[in-house]
Amino acid sequence: MASKERIQRLKDETRINILDAALQIVKEEGWQALSMRKIADVIEYTAPIIYEYYANKEAILLELARKGYLLLAKDLRTAHEQHALPEKQLEAMWIAYWNFAFANKELYQVMFGVTTNCCCDEINKLEESVMPWDLFTDVIGKVMRIDNPESDIICTKYYTFWSVVHGLVSINLLRRGSSDDINRQVLMDAITGIIRSIKPE
């Protein structure tokens, strides 16, 4: 049994090393430079061994996207737990979303297809990809005092928030944005303005 556990641990470590190598390449050279052969070179394995763990580059992108969604969900939960009022929770969560995007730029790019040739249909099918949706719509419903999280209006308001925040993130990831101070002011104006508009009188 100990031998099987050791083998499994080595396999898990190799999977992590492959993903870490992929991110390292992207950070240094951009998404266009990522290839199975380059990953193999970084971790000093042969390319065929990489294929034993991931069928192709798209499989690695999917796994990176999964990792990104798990990290984002963790950040959103942490932000949520820091406040009691739903309005403050929602504000903190969108700020956490913004911070995640720039702290994990490469993961965000692959999660949402910003500057990458992502396998978006497959990424959208990941179980983890709905985590931000579930977390945000629950709080939006509380702010709006609507019990049904599947409500069309909650869906619409989520996409209103997401379109603004993701749009601002994308503009800045493409280096077409303004200064950090201006960006944060635009972000806060948008978040607080939308929250004000959805909160019942």
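The values are calculated or read from the model by the stated rules, or taken from the named source; none is laboratory data. This is a predicted model, so every value here is computed, not measured. Because the Cβ atoms are built from the backbone with ideal geometry, glycine has one as well, and the counts that use them run over all protein chains shown.
Do we have LYS105 as among the charged types (D, E, K, R) and free of Cβ contacts under 8 Å to residues at least 60 places away in the same chain here?
Numbers: among the charged types (D, E, K, R): yes; free of Cβ contacts under 8 Å to residues at least 60 places away in the same chain: no.
Here the answer is no, as LYS105 does not meet what is asked.
Residues to consider are ALA73, ALA33; find the one that is within 23 Å of the chain's Cα centre (by Cα) and modelled with pLDDT of 95 or more. Walk me through how you get there before you give the answer.
Working: ALA33 fails: modelled with pLDDT of 95 or more.
After applying the criteria, what remains is ALA73.
If you take the residues of segment 23-38 that are touching a helix residue (DSSP H, G or I) at 6+ places or on another chain (Cβ under 6 Å) and within 13 Å of GLU58 (Cα to Cα), which of them is surrounded by the fewest Cβ atoms within 10 Å (Cβ to Cβ)?
So the residue we want is MET36.
Restricting attention to segment 118-167, which residues are touching a residue at least 60 places away in the same chain (Cβ under 8 Å) and of a type in the set (A, V, I, L, M, F, W, C)?
Within segment 118-167, CYS119, ILE123, LEU126, MET131, LEU135, PHE136, PHE161, VAL165 meet the criteria.
Within segment 85-102, does at least one residue satisfy the condition of being closer than 21 Å to LEU187 by Cα and part of a loop (DSSP other than H, G, I, E, B)?
yes
Can you find, within segment 103-147, the residue that is surrounded by the most Cβ atoms within 10 Å (Cβ to Cβ) among those that are small (Gly, Ala, Ser) and either assigned to a helix (DSSP H, G or I) or modelled with pLDDT of 95 or more (or both)?
Let us first name the residues in segment 103-147 that are small (Gly, Ala, Ser), namely 103, 113, 129, 141.
With either assigned to a helix (DSSP H, G or I) or modelled with pLDDT of 95 or more (or both) added as a condition, the list becomes 103, 129, 141.
On the way: ALA103: 12, SER129: 18, GLY141: 20.
Applying the filter and picking the extreme gives GLY141.
Is at least one residue of segment 61-75 aliphatic (A, V, I, L, M) and under 22 Å from ALA190 (Cα atoms)?
Taking segment 61-75 and keeping what is aliphatic (A, V, I, L, M), we get 61-62, 64-65, 70-73.
Going one step further and asking which of them are under 22 Å from ALA190 (Cα atoms), we end up with 72-73.
So far as segment 61-75 goes, yes, one or more of its residues are aliphatic (A, V, I, L, M) and under 22 Å from ALA190 (Cα atoms).
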